[in-house]
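The values are calculated or read from the model by the stated rules, or taken from the named source; none is laboratory data. Bear in mind that the values here come from a model prediction, so they are computed numbers and not experimental data. Using ideal geometry, Cβ is built from the backbone for each residue, glycine included, and neighbour counts are taken over all protein chains shown. Accessible surface is based on the protein model in full, side chains and every heavy atom, while ligands, DNA and RNA are left aside. Shrake-Rupley method; radii C 1.70, N 1.55, O 1.52, S 1.80 Å.
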Amino acid sequence: MSTFDVVLLIVVGLLAVVVVGVVLVGVRALRRIGTAPAPDDPAFIAEKDRQEQSLAALRSAADEVNSTIDVAKSAASAARAEAAGAKAEAKSARAEARRVLDDARAEADTVLERAHKQAEADAEQLRASARRSGEREVAVLAATTREQAAEVERRAARMDERERLHTEEVERLAERERQLTAASAALAEREAAVTAREAALTVAEEQRRRELERVAGLTADSARTELIEAIETQAKREAALLVRDIESDARNTAEQRARHIVVDAIQRVASEQTAESVVSVLHLPGDEMKGRIIGREGRNIRAFESVTGVNLIIDDTPEAVLLSCFDPVRREVGRLTLEKLVLDGRIHPHRIEEVHDLARQEVEELCHRAAEDALVEVGITEIHPELVTLLGRLRYRTSYGQNVLKHLVETAHIAGIMAAELRLDVPTIKRSAFLHDIGKALTHEVEGSHAIIGADLARKYGESEDVVHAIEAHHNEVPPQTIEAVLTQASDACSGGRPGARRESLEAYVKRLERIEEIAAGKLGVEKVFAMQAGREIRVMVKPDDVDDIGAAVLARDVAKQIEEELTYPGQIRVTVVRESRVTEIAR
């Protein structure tokens, strides 16, 4: 018997005891109502009070009668008659009191009988209600008992089913264990056989290797080395074929699109070609002006050089003097100072200082106006005033003969056109390209790369992080991480690499061409190397017997990769590998 069944039986027993107790209490109450007097009945108490009041009234009347008799005895014999009458009234009163008492008792019996009947009726109702409640409880308990019995039967059936499944599972596991034991034994036998066979194969392989080494005349390491070289060559050929196919597919779309964007950007800019130097020439109205510039014992020229910081070169050039200075702004201030002195005609140390102050203010105004014009041309409206001042100083700064401020404007236009073609954020990219060389305004005062200096300036004066990153990454001091940085690099290369934009020294140019030819000539199978188009193209002539078509593609890629890693150059360099076979026969 389960715990639930025990609890169910205890609950049924308690309910039965409660029902029997309720029935006994009801019977006892009925008996108490039938046997005991009912002194607490309101009607009985009221009747008893009336009787007591009547008796009290009779007692008071008797007292009055006694007093009257006493008076009558003392008064006269006539009082006896009244006393007899009084006695008669007392008797009648007693009779009336007895009658009233009998009526009260009869009425009390009637009330008690009605109370007995009402109590019996209430007891019968209680018994009927208790019987109905007990029947309902018994019915509910019976139904619950039946449900519990059914649940117990279902659980027993499930337990039997589980026990049967468990037994079957145990049997299957035992069978599987026997099979595994048999398989383990068979596996051990096969392992022993395989071990013996591997030993035999090892011996046979060793014999075969020795025989092959004897026949081929090579050791295993030599043969492995030759095999690895052959596989490596084959892999390179296959990789070159794959790369060529991928590049061919990419060029069909990407190269054409990229060329269209770059060419369209450069064509739409159409900026002028400049070639500025670090020397300014001032034409004089006559050679006698040179003597006045020099002054007595050279005091004017010494005062001019000490005030302006510009070297004044007076040679045999007719009607001209040269001004030389590494700082272009300082050189321009000196040129304007000398020009005003020549026009004025009064040249002496004090006058030189006055004119120099005026010329410096004029140059500052020209720089500020040039910066504002450049900002208007590019379309940038909100920028820090200090950056405007620094941009104005770039009006007199050159890079490889190219004016830096014009280079910034040109770069901004190219970057904006590229961004528009690629549907990117045009204002941000133009701003990045326009400010990418802002550091060149301070390269004379601050040490370090102009890209890093420019990034620090832009960050200091509130430019966004995208603009700052594009500035510091446009020469790869920091790896470019955004599309703004990449387009800034591309537009800078387009502006500086176009023909005639910049010049370089003959020595650096020659060294670059020589190094390009050395890189190509150092490869295997190269017969001749020609650097053409001012170093923009290199043609490599290879031996057709040593280099095949796939090898030519690999050679071109290797040369281009080494040039990218070792050299710095504007624009791009095309590497062309020429492989041709010639057969010559003489007809006699």
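Taking the conditions exactly as written (open to solvent by 20 Å² or more (accessible area, probe 1.4 Å), modelled with pLDDT of 85 or more and at negative phi), does Glu365 satisfy them or not? Yes. Scanning segment 527-552 for residues that are open to solvent by 40 Å² or more (accessible area, probe 1.4 Å), under 27 Å from Gln234 (Cα atoms) and within 50 Å of the chain's Cα centre (by Cα) yields a single hit, Asp549. Within segment 567-588, the set of residues being open to solvent by less than 90 Å² (accessible area, probe 1.4 Å) and touching a residue at least 40 places away in the same chain (Cβ under 8 Å) comprises Leu567, Tyr569, Pro570, Gly571, Ile573, Val575. Among the residues of segment 283-308, those identified as loosely packed, with under 14 Cβ neighbours inside 10 Å and not hydroxyl-bearing (Ser, Thr, Tyr) are His283, Pro285, Gly286, Asp287, Glu288, Gly291, Arg296, Glu297, Gly298, Arg299. If the condition is being touching a Phe, Trp or Tyr at 6+ places or on another chain (Cβ under 7 Å) and either of a type in the set (S, T, N, Q) or farther than 18 Å from Glu339 by Cα (or both), then segment 352-408 contributes Val378, Ile380, His384, Glu386, Leu387, Leu408.
Scanning segment 531-563 for residues that are assigned to a strand (DSSP E or B) and among the charged types (D, E, K, R), we see that the one that is modelled with the lowest pLDDT is Glu537. Inside segment 312-348, residues that are at negative phi and either small (Gly, Ala, Ser) or assigned to a helix (DSSP H, G or I) (or both) make up a count of 19.
Just one of the listed residues (Arg176, Arg172, Arg136) is within 30 Å of Leu14 (Cα to Cα) and in a helix (DSSP H, G or I), and it is Arg136. For beta carbons closer than 7 Å, sequence separation of 6+ or different chains, a first residue in segment 90-111 that is within 18 Å of Ala46 (Cβ to Cβ) and a second that is open to solvent by less than 60 Å² (accessible area, probe 1.4 Å) and polar (S, T, N, Q), the qualifying pairs are Ala97/Ser54; Val100/Gln51; Val100/Ser54; Leu101/Gln51; Ala104/Gln51. Among the criteria (1) touching a helix residue (DSSP H, G or I) at 6+ places or on another chain (Cβ under 8 Å); (2) part of a loop (DSSP other than H, G, I, E, B), the one Ile301 does not fulfil is (2).
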